[in-house]
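Below you'll find the structure, written out as structure tokens, and then a few comments.
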Amino acid sequence: MCLAIILMNNKLNMVLVKSMLQRIKMEEKLVVEKFLNSLQIYLQHNQIFGFVTFTCTRSNFRSSKLLILYNIILQVLFVSFVSYWLYLVLEADDMLPIYKNTYLIILFADFAYLETTWICTLLKKDKLLELFKRLIHFDTKCQENSTVIDYKRHKKRLLCYLLARYVALALVILFSEILVIVSEQEWSFSTGLLVMIFNSALSYKASEIVVMLRSRFAILNKQIRFLNQYLRLKPEGRISNRRVFISFSKICYLHQHLSKSVKLFNEVFGVSLLVLFGNSFLSIVLALFRTAAELQASQIKWTRIAYMALASVPFIFDSIHLCDVCYSTIGTVSWCELNFDWSSQVSKAGELIHQIQTEDHDIIDEIEMFSLQIANEQVEFNAAGFFPINYTLVFSVRSVQVERI
């Protein structure tokens, strides 16, 4: 009789465990579907520009040979386009040397910029997929902890920001062409406008992933605040402290997981962001150089100056926006140096954990380990290791431009 009861109890436990595992798998599948659905607009936009060579189904990513071929075709077409403009510039005998030289510099810079970006897209495809899978893994772990991520809001934000970006870009191009017509310029540099659009697309691709990482760091900070409030309101006890310790260990693991995702982001986008900032810097410097030359002429053509200034605006905006989202996520520069009020999500985590007041030695050890983890990882967004992407980059570029001009 006892043996029968034990067997029935074991069988019931196995059924319960199996049911629980099935429920967890269903929840994980639902998280994956929601994440991929929220990413559809982002992927489709980048596929148009050849910056993504894979698609996604309801439950997984899938490599696309057609998109890889499309990427290669874009490279060939751009080489042909640059070659055509190179021929026109070299054959233009009526063009002033200052304009011919700057056009040639811009041509070679634009060629190197886009070709490098497309090649990196092909080479870093698997690592980009791994980065998305790491984000999905984080979301599934949050789901296990009953943390809800608002994918609908994220999808809506992606769409609204994309529309706002291209409305602004369309207005810049429209007014630029109007200024070209008014000033009767013989040369409206088409590759410049084309690269302006692709530069905006690449900036969008990189910045949105940074925003995804930032929002997930913010989720962890919210959980740390909750634990701090829980310890203040609840009297310390064995069960209470054990719950806090387990929750804190999970937060520590997920924080390390996101920190590794930032490093993976640098591997994927490092070279692309290096050429993006380099090309933007060159475009802005040449615009300032030509503006200075125009101001020294006997007859100043203000419409031409306005055209060059307006054409530089998207490059300036994209550079500052990238620095802003990266800095607000990591914040590797002292606030005293820049005198800003914003706070980054990673540095905020270090501040929050030291606000936790407890006498439990296990929790104290976990806090110290978490602090050492943040200090030793030294996470930052960088351009292929050449320089960190934050506001020091903006001010460095600004000072160099002033010195050169």
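Could you please find all residues in the stretch 281-301 being among the β-branched types (V, I, T), closer than 13 Å to S312 by Cβ and free of Cβ contacts under 8 Å to residues at least 60 places away in the same chain?
The one that is among the β-branched types (V, I, T), closer than 13 Å to S312 by Cβ and free of Cβ contacts under 8 Å to residues at least 60 places away in the same chain: T291.
Taking every residue in the stretch 119-138 that is within 24 Å of F217 (Cα to Cα) and among the basic types (K, R) and pairing it with any residue that is at pLDDT 90 or above and surrounded by fewer than 20 Cβ atoms within 10 Å (Cβ to Cβ), at least 6 positions away or on another chain, the pairs with Cβ-Cβ distances below 6 Å are K127/E267.
Candidates in the stretch 34-63 are the residues that are among the β-branched types (V, I, T) and over 16 Å from the mean Cα position of the chain (by Cα); of these, the one that is surrounded by the fewest Cβ atoms within 10 Å (Cβ to Cβ) is T57. Considering only residues that are exposed (fewer than 11 other Cβ atoms within 10 Å of the Cβ) and at pLDDT 50 or above, which ones fall in the stretch 333-353? Listed by number, the list is empty, since nothing qualifies.
Is it fair to say V89 is modelled with pLDDT under 85, surrounded by 13 or more Cβ atoms within 10 Å (Cβ to Cβ) and either more than 19 Å from the chain's Cα centre (by Cα) or assigned to a helix (DSSP H, G or I) (or both)? It is true that V89 is modelled with pLDDT under 85, surrounded by 13 or more Cβ atoms within 10 Å (Cβ to Cβ) and either more than 19 Å from the chain's Cα centre (by Cα) or assigned to a helix (DSSP H, G or I) (or both). Among all residues of the stretch 265-273, there is none that is among the small types (G, A, S), touching a residue at least 60 places away in the same chain (Cβ under 8 Å), in contact with a helix residue (DSSP H, G or I) (Cβ under 7 Å, 6 or more places away or on another chain) and surrounded by fewer than 17 Cβ atoms within 10 Å (Cβ to Cβ).
When the stretch 370-389 is examined, which residues are found to be in a helix (DSSP H, G or I), out of contact with any helix residue (DSSP H, G or I) (no Cβ under 7 Å at 6 or more places or on another chain) and not polar (S, T, N, Q)?
Once the filter is applied, which keeps residues that are in a helix (DSSP H, G or I), out of contact with any helix residue (DSSP H, G or I) (no Cβ under 7 Å at 6 or more places or on another chain) and not polar (S, T, N, Q), the stretch 370-389 yields L372, A375.
Checked against (1) at pLDDT below 75; (2) within 37 Å of the chain's Cα centre (by Cα); (3) of a type in the set (G, A, S), S19 passes all but condition (2). Of everything in the stretch 227-242 that is surrounded by fewer than 14 Cβ atoms within 10 Å (Cβ to Cβ) and assigned to a helix (DSSP H, G or I), the residue that is modelled with the highest pLDDT is Q229. Considering the stretch 137-161, the residues that are surrounded by fewer than 17 Cβ atoms within 10 Å (Cβ to Cβ) and hydrophobic (A, V, I, L, M, F, W, C) include one that is nearest to V262 (Cα to Cα), namely V148.
For V82, the conditions (1) among the aliphatic types (A, V, I, L, M); (2) modelled with pLDDT under 90; (3) more than 22 Å from I106 (Cα to Cα) are fulfilled apart from (3).
The values are calculated or read from the model by the stated rules, or taken from the named source; none is laboratory data. Just so we're clear, the structure is a prediction, and the values are computed from it rather than from any experiment. Because the Cβ atoms are built from the backbone with ideal geometry, glycine has one as well, and the counts that use them run over all protein chains shown.
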